[in-house]
Amino acid sequence: MMEFLNLALTFPTVIFSALLLVVMLFWLITLIGFADIDMFESDLEIEADASQSSGLSSWFSMGFGGIPITVSISLVVMSSWLISIYAHKFFAYLLGDGMWLYIFGVLMLGVCLLIAMPIAAIISRPLQRFFSSAQTSQSSDLLGLECVVVTGKVTNTFGQARVKFQGTEQLLEVRAENDEQFTSGDTAVLLEHLKEQHCYIITAKPW
């Protein structure tokens, strides 16, 4: 146990340990209801369209099959951390001291990251069908259906709700307008689909 902690808390593995801590905190905040799984999707799509990026970013999008960027990054960080633990354990003698520690340490971080990305992409494949089915149902077919709010609140920039569609339950990104107030457990109606934002406008039930 002490050896494991020593590896996790010393350079270079401590870099991935810190990133893993950030990932864990994000998912904790998401479970509480103060963050969205898809919270970075719109910004990344706009940035990609503006720059017409290719190479690594294009591979990243294709390799992970369209699952939320927060999920794919989490998988990459966890895989990198685990690989780094074992690389640090078996190749610590190569790190040396002083300046060489940081030179070979940075090299080890890069190699671990490169190895982790295809591994994380393979791990993500069983998850892709869940997110692709949710994306397919995000259309005008859902308009008018009732949904149940699952986050602590719904605003014009934040909120999630569950809706039953064709025998399955989907988790959707939802937004409120005109200062309507919604809390967890409230029932609302899907009023409008915002394609670019990947979310729905909801309103209170008229009945």
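Details
- Note on exposure: VAL174, VAL22 ranked by accessible area (1.4 Å probe, complete protein assembly) read VAL22, VAL174, with the most exposed listed first.
- When the GluC sites (Glu not before Pro) in the range 153-185 are filtered for DSSP coil states and for at most 13 other beta-carbon atoms within 10 Å of their beta-carbon, the remaining sites are GLU177.
- Qualifying lysines (Cα of each under 17 Å from Cα of LYS205; at least 8 residues distant if same chain): LYS153, LYS164
- For the set ILE37, ILE122, solvent exposure ranked by accessible area (probe 1.4 Å, protein chains only) runs largest to smallest as ILE122, ILE37.
- Taking the Cα centre of the range 139-207 as origin and assigning +1 to Lys and Arg Cβ atoms and -1 to Asp and Glu Cβ atoms, the resulting dipole is close to 160 debye.
The values are calculated or read from the model by the stated rules, or taken from the named source; none is laboratory data. This one's a predicted model, so the numbers in the text were calculated from it and none came from an experiment. Cβ: placed from backbone, ideal geometry, glycine included. Neighbour counts: every protein chain shown. Heads up: the accessible areas ignore ligands, DNA and RNA and are worked out on the full protein's heavy atoms, side chains in. Shrake-Rupley method; radii C 1.70, N 1.55, O 1.52, S 1.80 Å.
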